[in-house]
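What follows is a set of notes on a single structure, which appears directly below.
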Amino acid sequence: MHEQIRQTAEFLKSRLTEPPQVGMITGTGLGSLTERIAVDFRISYEEIPNFPKASVEGHKGTLVAGKLAGRSVIAMEGRFHLYEGYTPKEITFPVRVMAMLGVKYLFKSSAVGGLNTQFETGDLVAVTDHINLTGASPLMGPNLDTFGPRFPDMSRVYDPELVVLAREKALELGVLLRQGVYAGVLGPNLETPAETRFLKMIGADVVGMSTVSEVIVGVHCGLKILAIVAITNMNLPDCMKETSLEEVISNAEKTGPALSSLWEKIVGNLKG
Ligand code: HPA
């Protein structure tokens, strides 16, 4: 595993003009987030050695390197999900590669279902904590000691300073930014009313099918993490409505411009 990560990092390093500081991963319908990057190169996952291949509608499956707000960034347009059949290790492979390339910050966006009744479709939410309900950890198996410890601490997963910075910049831009706890489920099926009620009871504000695996590996690699998610549908257990992929993609795309502006402002104001 370590050798494969090194190989992939070497392959990308030979194309990079400078080491990236920020790693970004965009989710369903949010590919436009990377449009503001002054691109050095863009490469399809298929051309990257050892990378898993993207398969879901709404995901591009390309890696972009360049500059955003004066910082060197590397961004995944589209990510891998457990529900596609990938293992937790495959899904998180790119995060390890980013860490090996020298990335310090991991920024993530994704589509989520809203559980907190004060939220609405279209709202952006800064994730302050998560509950991993996928039934697996990407750290299962032998520990990659060169990256991090066997039992990484999870008491401050989402960097509180980055959340404060995100809130400040959202205020400046006039973008409403909520805060909340993300429940990570396996999918691909959406939740039943009973499951939705359960998720609310255990303290989740939003639910999604990604993020937790990559974030756990990000923590293991010592990255500072910020996740801002977009509510594409509200899940209210007592008046459940049907949700379709088309609705999720179209609502995610609508939040793209606000999220992109916010992202750029945050990247431009990172310390260090
Ligand atoms: N549930 C789980 N994942 C999701 C949802 C949802 O309602 N919407 C977008 N991703």
Among (1) closer than 13 Å to Asn235 by Cβ; (2) of a type outside the set (A, V, I, L, M); (3) touching an Asp or Glu at 6+ places or on another chain (Cβ under 7 Å), the one test that Lys200 misses: (3)
Scan the range 207-221 for residues that are away from the ligand (no atom under 15 Å from the Cβ) and assigned to a loop (DSSP other than H, G, I, E, B) and jot them down. Cys221
State yes or no: is Gly180 touching a Leu at 6+ places or on another chain (Cβ under 9 Å), under 22 Å from Lys89 (Cα atoms) and in contact (Cβ under 8 Å) with a residue 40 or more places away in the chain? no
Considering only residues that are outside any loop (DSSP other than H, G, I, E, B) and more than 10 Å from the ligand (Cβ to nearest atom), look in the range 222-236 and name the one that is surrounded by the fewest Cβ atoms within 10 Å (Cβ to Cβ). Lys224
Please work out which residue is nearest to Pro88 (Cα to Cα), limiting yourself to the range 99-135 and to residues that are of a type in the set (A, V, I, L, M, F, W, C) and assigned to a loop (DSSP other than H, G, I, E, B). Leu133
Residue by residue through the range 10-38, note down the ones that are outside any loop (DSSP other than H, G, I, E, B), more than 20 Å from the chain's Cα centre (by Cα) and hydrophobic (A, V, I, L, M, F, W, C). Phe11, Leu12, Ala38
How many residues, within the range 138-190, are closer than 25 Å to Leu82 by Cα and within 16 Å of the ligand (Cβ to nearest atom)? 11
Which residues, counting only those in the range 82-134, are within 13 Å of the ligand (Cβ to nearest atom) and at positive phi? Gly122
Give just the number: which of (1) within 11 Å of the ligand (Cβ to nearest atom); (2) hydrophobic (A, V, I, L, M, F, W, C); (3) part of a loop (DSSP other than H, G, I, E, B); (4) surrounded by fewer than 22 Cβ atoms within 10 Å (Cβ to Cβ) does Ala204 not satisfy? (4)
If we keep only residues of the range 237-259 that are within 11 Å of the ligand (Cβ to nearest atom) and either in contact (Cβ under 8 Å) with a residue 12 or more places away in the chain or crowded, with 18+ Cβ neighbours inside 10 Å (or both), then the residue farthest from Lys169 (Cα to Cα) is Met240
Complete set of residues in the range 242-272 that are among the small types (Gly, Ala, Ser) and either under 19 Å from the mean Cα position of the chain (by Cα) or modelled with pLDDT of 85 or more (or both): Ser250, Ala252, Gly256, Ala258, Ser260, Ser261, Gly268
Meets criteria (within 15 Å of the ligand (Cβ to nearest atom) and either in contact with a Pro (Cβ under 9 Å, 6 or more places away or on another chain) or modelled with pLDDT of 95 or more (or both)) for Thr196: yes
When you check Lys265 against the structure, is it among the basic types (Lys, Arg) and in contact with a helix residue (DSSP H, G or I) (Cβ under 8 Å, 6 or more places away or on another chain), yes or no? yes
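The values are calculated or read from the model by the stated rules, or taken from the named source; none is laboratory data. Since the model is a prediction, treat every value here as computed from it, not as a measurement. Counting neighbours? That spans all protein chains shown, and the Cβs are built from the backbone with ideal geometry, glycine included.
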